[in-house]
Amino acid sequence: MSRVALVTGGSRGIGAAISIALKNAGYTVAANYAGNDEAAAKFTAETGIKTYKWSVADYDACVAGIAKVEADLGPVDVLVNNAGITRDAPFHKMTREQWKEVMDTNLSGLFNMTHPLWPGMRDRKFGRVISISSINGQKGQFGQANYSAAKAGDIGFTKALAQEGARAGITVNVICPGYIATEMVMAVPEKVRESIIATIPVGRLGEPEDIARCVVFLASDEAGFITGSTITANGGQYLT
């Protein structure tokens, strides 16, 4: 029986690439999504990957959603915390709601998804928790005090939890993508994209598949000695 992987935000963008790559690597994949029913239905029709709708910002919804996934597919062995949102604004204009929405999804979402799965992973003596942070969680970004803080928190969460999971056979790692050619990035004006690319030493935007390949490796048995690590995948734009 193949291992089960659950990818949050798994039907679009980087998440879709991760879901597809894990399926191609032999995993049974469930893709969570929050709101776009049309995109989720199209994704399932094209890939055969089942999609499940709930908000990672809601702990009770996560518990119920995970229970549904495990009833359908079996115990979750690999969790990819990919779901994320932006609510950008200069700090002096940022509202409490913009702060809270980003924190609830991008940081508390990791707790809400990982916490219900942790006991089962400990009991089975195997687990992979892989979270998608951001280059802006490492270096900060103007207008993203909320997003940068949450994504930096993802890194701290990873480093702490890795120490707890290690003896139970659970690895916990985080990936920090740079600028990736998703719908959101490709929608910005071409001159803006060119100015971004000019700051990337490899001379291009990343592709969602660049991040997906990192996830597939970290999920594998071969990566069992890697835990608490931050994988920086940004084309050399920011070096740590």
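Laboratory data are not the source of any read-out in this text; all were calculated from the coordinates shown. Because the structure is a prediction, the values reported are computed rather than measured. Cβ: placed from backbone, ideal geometry, glycine included. Neighbour counts: every protein chain shown.
Based on what the data block shows, is TYR52 crowded, with 23+ Cβ neighbours inside 10 Å and of a type in the set (Phe, Trp, Tyr)?
Working: crowded, with 23+ Cβ neighbours inside 10 Å: no; of a type in the set (Phe, Trp, Tyr): yes.
Taking the combined requirement at face value, the residue does not satisfy it.
Answer yes or no: is there a residue in the range 104-119 that is on the phi > 0 side of the Ramachandran plot and either of a type in the set (Lys, Arg) or more than 13 Å from the chain's Cα centre (by Cα) (or both).
We begin by selecting, within the range 104-119, every residue on the phi > 0 side of the Ramachandran plot; these are none.
Checking the range 104-119: not a single residue is on the phi > 0 side of the Ramachandran plot and either of a type in the set (Lys, Arg) or more than 13 Å from the chain's Cα centre (by Cα) (or both).
Restricting to the range 75-133, give me the number of residues that are of a type in the set (Lys, Arg) and farther than 29 Å from ALA223 by Cβ. Show your work before the answer.
Restricting attention to the range 75-133, the residues satisfying the condition of being of a type in the set (Lys, Arg) are 87, 93, 96, 100, 122, 124-125, 128.
In the following step, the residues that additionally are farther than 29 Å from ALA223 by Cβ were identified as 87, 93, 96, 100.
Of the residues in that region, 4 qualify.
Within the range 131-153, the set of residues being part of a helix (DSSP H, G or I) and either charged (D, E, K, R) or on the phi > 0 side of the Ramachandran plot (or both) comprises LYS139, LYS151. Listed by position, the helices (runs of 4 or more DSSP H) contained in the range 154-240 that have at least 3 residues being of a type in the set (Val, Ile, Thr) are 190-197, 208-219.
Against the numbered list (1) buried (at least 23 other Cβ atoms within 10 Å of the Cβ); (2) over 23 Å from THR158 (Cα atoms), ASN81 comes up short only at (2). If you check VAL63, VAL102 for being surrounded by fewer than 17 Cβ atoms within 10 Å (Cβ to Cβ), out of contact with any His (no Cβ under 7 Å at 6 or more places or on another chain), under 19 Å from GLY35 (Cα atoms) and not small (Gly, Ala, Ser), only one passes: VAL63.
TYR179 meets the conditions (1) touching a helix residue (DSSP H, G or I) at 6+ places or on another chain (Cβ under 7 Å); (2) among the aromatic types (Phe, Trp, Tyr); (3) within 24 Å of ASP77 (Cβ to Cβ) in every case but one. The failed one is (3).
Table: residues versus (1) surrounded by fewer than 13 Cβ atoms within 10 Å (Cβ to Cβ); (2) free of Cβ contacts under 8 Å to residues at least 60 places away in the same chain; (3) among the aliphatic types (A, V, I, L, M).
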{"residue": "ARG96", "(1), (2), (3)": "yes, yes, no"}
{"residue": "PHE142", "(1), (2), (3)": "yes, yes, no"}
{"residue": "TYR179", "(1), (2), (3)": "no, yes, no"}
{"residue": "MET186", "(1), (2), (3)": "yes, yes, yes"}
{"residue": "VAL202", "(1), (2), (3)": "yes, yes, yes"}
